[in-house]
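Every number here is computed from the coordinates shown, using simple stated rules; none is lab data. Values in this document were obtained by computation on a predicted structure and should not be read as measured data. Neighbour counts run over all protein chains shown; Cβ positions are idealised from the backbone, glycine included.
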Amino acid sequence: MVTASAPGKVILFGEHAVVYGEPAIAAAIDKRIFVSVEERSNESIEISSTHELRDGYPYVKAAAEITFEYLGSRRGLDISIDAEFPPASGLGSSAAVSVATILATASLLGGEIGKKDLAQLGHQVEKRVQGAASITDSSVTTFGGVLFIKPRLEVAEKITTGSLPLVVGYTGVGGSTKEVVKNVGVLRDSYPEVVDPIIHTIGQVTLAAKKVLQEEGDIGGLMNINHGLLEALGVGTERLSQYVYAARKAGAFGAKITGAGGGGCMVAYVPQNQEGVAGAISDLGGLALVAGIEEEGVRIER
Ligand code: PMV
């Protein structure tokens, strides 16, 4: 048996704007998905999971299939999955499970895959299942750390930061990324002269944040601005805002929606009192995760 694991992610800056060519900053978090792969005596692929992943495990199946195509050989497999964060919550579970499945399967079959190819194959899995996908999730889960995403070039550049103590709050409702992205598109078509500057400003916030991160400064203020701009794009929900305000009140330096919105998660930057901020979110019925940056991307577990 071979086990591989890969981290989840949060988008710190630039979600939605990245769809229109602006940069974004995403970070791997120290919560992982574990995929164990064992050879079977017949040709089929059997999958089990401790968490409820998407029906029929489309990402896991496509990841195994794409690995077989890459290596030019195939086996029957028993695949089992365990997760330290809720799937389908906007924390990148699809990319993490895909990339971990690819690495575990390749390793079981004796194949070698470098990180660059892993990220690319992970991206292919997401495209095959979803039709379209950005490189954000597959890059972050493969390489770990904090990444600056340049969508036009399809390039992810690692940026060096200080420690980033975070608290993630999950509403328990998985927002549909496709739907929320579509709604932003409709808003933009209705009022391009209003919405385009908001998208551009989010890009400016991301550029400013990159500098602050590299100087190991306080990103809280910029997160709050980014949250307001996401609200302006209509991707907020009452519950997300409740968690954001509760987090700030409990001492977070900044807090914002992370990912698509419309449900899903918020993230707070919490240099002091992570437990207090997590408690404030839990008190409102949210699932709070105390998290930090994970420097290591996908890996084999020993
Ligand atoms: O909630 P998530 O992890 O699916 O993030 C979506 C991020 C968007 O910018 C809204 C869409 C995208 O593909 O970049």
Task: Cβ-based charge dipole, the chain, positive-most Cα from 191, 140, 292 - done: 191
- [ ] Please report, in debye to the nearest 20, how large the charge dipole of region 1-149 is about its Cα centre when each Lys and Arg carries +1 at its beta carbon and each Asp and Glu carries -1 there.
- [x] 240
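Any chance you could run the full-extension gain for residue 52 through residue 218? It's 0.36 nm times the residue separation minus the Cα-Cα distance, nm to one decimal. Before the final figure, lay out each step's value.
Details: separation 166, 0.36 × 166 = 59.76 nm, distance 3.67 nm.
Going from the current span to full extension adds 56.1 nm.
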- [ ] Please build a GNM for the chain, connecting alpha carbons under 10 Å apart, and tell me which residue among 126, 193, 65 fluctuates the most.
- [x] 193
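Over 18 Å between Cα atoms: which of 158/210; 116/210; 61/127; 61/150 fall into that group? Show your work: numbers first, answer last.
On the way: 158/210 11 Å; 116/210 23 Å; 61/127 13 Å; 61/150 29 Å.
Long pairs (Cα-Cα over 18 Å): 116/210; 61/150.
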- [ ] Go through 13-22, 95-104, 113-122, 82-91 and give me the packing order, highest mean Cβ count within 10 Å leading.
- [x] 95-104, 13-22, 82-91, 113-122
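Only four residue types carry charge here, +1 at the Cβ of Lys and Arg and -1 at the Cβ of Asp and Glu. Report the dipole size of the chain about the Cα centre in Debye, rounded to the nearest 20.
In total the dipole reaches around 320 debye.
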Task: Cα-based Rg of the chain normalised by 2.2 N^0.38 Å, two decimals - done: 0.98
Task: Volume per residue that the Cα convex hull of region 235-288 spans, once the total is divided by residue count, Å³ - done: 60
- [ ] For residue 196 and residue 117, compute 0.36 nm times the residue count separating them, minus their Cα-Cα distance, and round to one decimal in nm.
- [x] 25.0 nm
TODO: Largest first and to the nearest Å, give the Cα extent of region 118-166 along each principal axis.
DONE: 36, 21, 18
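How compact is region 2-162 by the rule of thumb for globular proteins, expressed as Cα Rg over 2.2 N^0.38 Å? Could you put the intermediate results ahead of the total?
Numbers: Rg = 15.1 Å, N = 161, 2.2 N^0.38 = 15.2 Å.
This ratio for region 2-162 stands at 1.00.
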Task: Along each principal axis, Cα extent of region 166-291, largest first, Å - done: 42, 35, 19
TODO: Please state the charge dipole magnitude for region 176-302, taken about the Cα centre, from unit charges on C-beta atoms (+1 on K and R, -1 on D and E), reported in debye and rounded to the nearest 20.
DONE: 160
